[in-house]
1. Taking the condition of being among the aliphatic types (A, V, I, L, M), in a helix (DSSP H, G or I) and closer than 30 Å to Ile13 by Cα, how many residues in the range 55-91 meet it?
2. If you go through the range 144-152 one residue at a time, do you hit one that is over 27 Å from Glu12 (Cα atoms), within 14 Å of ligand 1 (Cβ to nearest atom), surrounded by 15 or more Cβ atoms within 10 Å (Cβ to Cβ) and modelled with pLDDT of 95 or more?
3. Quick check on Glu128: is it under 18 Å from the mean Cα position of the chain (by Cα) and either within 16 Å of ligand 2 (Cβ to nearest atom) or basic (Lys, Arg) (or both)?
4. Is there a residue in the range 65-72 that is more than 24 Å from Val155 (Cα to Cα), buried (at least 20 other Cβ atoms within 10 Å of the Cβ) and either within 14 Å of ligand 1 (Cβ to nearest atom) or free of Cβ contacts under 8 Å to residues at least 60 places away in the same chain (or both)?
Amino acid sequence: MADPKSPASNSEISRDRLAELLNEDLSREYQAIISYVVYSQVLSGAQYMDIAAQLELHAKQELDHALILSRQIDYLGKMPAVTPKPVRTSKNAKEMLRFDLDNENETVRNYRDRIPQCEALGEYAMAEQIRQILMQEQDHQIDLAQALGEEVPDVGGGPRRRTPR
Ligand SMILES: [Fe+2]
Ligand SMILES: [Fe+2]
């Protein structure tokens, strides 16, 4: 049996706790919608035109994610959250992209945890929906890392955590 204190163990997760965690995810999606709506429009300079168009697409995908999560939270018998996580702003294009990449990294880490948590409760369809979202979040990470001229960061989480120590 896994150590119940280890983050890898989802044996003690309840439906209520899962709903709480999904509400945290939803607040992160709202944050992402707001930052992509704003950043996609204020990014200026010829070198940022491609990424600005991509960010506009991200904004729409984040709205889809928020809708999916709200539906799952309602299905778990809870009220979806209405508050975004704080949105950081900057006049500097590189800094804006950096904030977005940081947020996407955090989002990916969380969804990688969420999938086994859903599965631990037998919520396989929910796990599948979050997998679909995770695929898009990883694309967002790649878009941002490329725009910054960086490697996609290894954010860990997911399967790595299940490696026996
Ligand atoms: Fe999202
Ligand atoms: Fe995203």
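The values are calculated or read from the model by the stated rules, or taken from the named source; none is laboratory data. Since the structure is predicted, the reported quantities are computational estimates derived from the model, not experimental observations. Backbone-built Cβ (ideal geometry, glycine too); neighbour counts: all protein chains shown.
1. 6
2. Taking the range 144-152 as the starting set, the residues that turn out to be over 27 Å from Glu12 (Cα atoms) are 144-152.
Filter once more, so that each one left must be within 14 Å of ligand 1 (Cβ to nearest atom): 144.
Now restrict to residues that are surrounded by 15 or more Cβ atoms within 10 Å (Cβ to Cβ): 144.
Applying the additional criterion that residues be modelled with pLDDT of 95 or more yields 144.
The answer is yes, given that some residue of the range 144-152 is over 27 Å from Glu12 (Cα atoms), within 14 Å of ligand 1 (Cβ to nearest atom), surrounded by 15 or more Cβ atoms within 10 Å (Cβ to Cβ) and modelled with pLDDT of 95 or more.
3. On the way: under 18 Å from the mean Cα position of the chain (by Cα): yes; either within 16 Å of ligand 2 (Cβ to nearest atom) or basic (Lys, Arg) (or both): no.
No, not satisfied.
4. yes
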